[in-house]
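Working notes, beginning with the structure itself.
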Amino acid sequence: MSGSPEAAAEPLETLQAPQPRRHGEETQRKLLQELEQLIPRLRRYARSLTRDETRADDLVQDTLIRAIDKLHLFEPGTNLVAWLFTIMRNIHINALRSAKWEREQDPADLELPVPGLQLSNLALRDLARAMGALPDDQRETVLLVAVEGLAYQDAAEIMSVPIGTVRSRLSRARSRLRQLMYGEAEGERGDEG
């Protein structure tokens, strides 16, 4: 062992910054195809976050740019939807913090997908208004779990909260939606069977 500074610096010279992990060409192509297929779901989530179609489109675009730029960080075999929703939510929160957007959008403008149900336009409008009346955290939870069909754990990771918080928010949101839609008071709901 030598006491010279050059000898001590040698190991540092041989160290290199870790290179981003690159997916194979075929994996990258499949991921990009999957990203493209998820755009409608990203738009729904963005609209629920922003309550504004134009800002939602901007948020989707920012999310896709960030996701493509950071695609090398995605772990194949994990939930791509949850990864994208987390990116989107983080971008949205950062934008709110820096720009302090005003969020005064008519809840009736919120578009809710209801595949396979033959609800009247009035019922959809009432549901959109009721969803708009929910606090942001509850509305986001309902959207992720009920509309997007994500598991509670995935929703918890996206929102950076414990799974118990997701369950609690979902329960409070469902109660509030029943109250707003059907005029039911707490504890009034009976078991239909």
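Bear in mind these aren't lab numbers, they're just calculated from the coordinates by the rules spelled out. Note that this is a predicted model, so its numbers are computed, not measured. Here the Cβ positions follow ideal geometry from the backbone for every residue, glycine too, while neighbour counts run over all protein chains shown.
Note on residue 27 and residue 129: the model spin-label points, each 7 Å out from Cα along the C-beta direction, lie 5.1 nm apart. Taking a ≥ b ≥ c as the square roots of the Cα gyration tensor eigenvalues, region 23-103 comes out prolate, since a/c reaches at least 1.5 and a/b is larger than b/c. The dipole here belongs to region 118-187: it is taken about the Cα centre, uses +1 on the Cβ of Lys and Arg and -1 on the Cβ of Asp and Glu, and is about 240 debye. With a simple spin-label model that places each label point 7 Å from the Cα along the Cα-to-Cβ direction, the separation between residue 61 and residue 36 comes to 1.9 nm. Whole-Hz Karplus values for region 175-180 come out as 4, 5, 5, 4, 5, 5 Hz, taken residue by residue from phi with 6.51 cos²θ - 1.76 cosθ + 1.60 and θ = phi - 60°; glycine and proline positions read x.
Phi angles of region 40-46 translate, via the Karplus equation with coefficients 6.51, -1.76, 1.60 and θ = phi - 60°, into HN-Hα couplings of x, 5, 5, 5, 4, 5, 5 Hz per residue; Gly and Pro are given as x.
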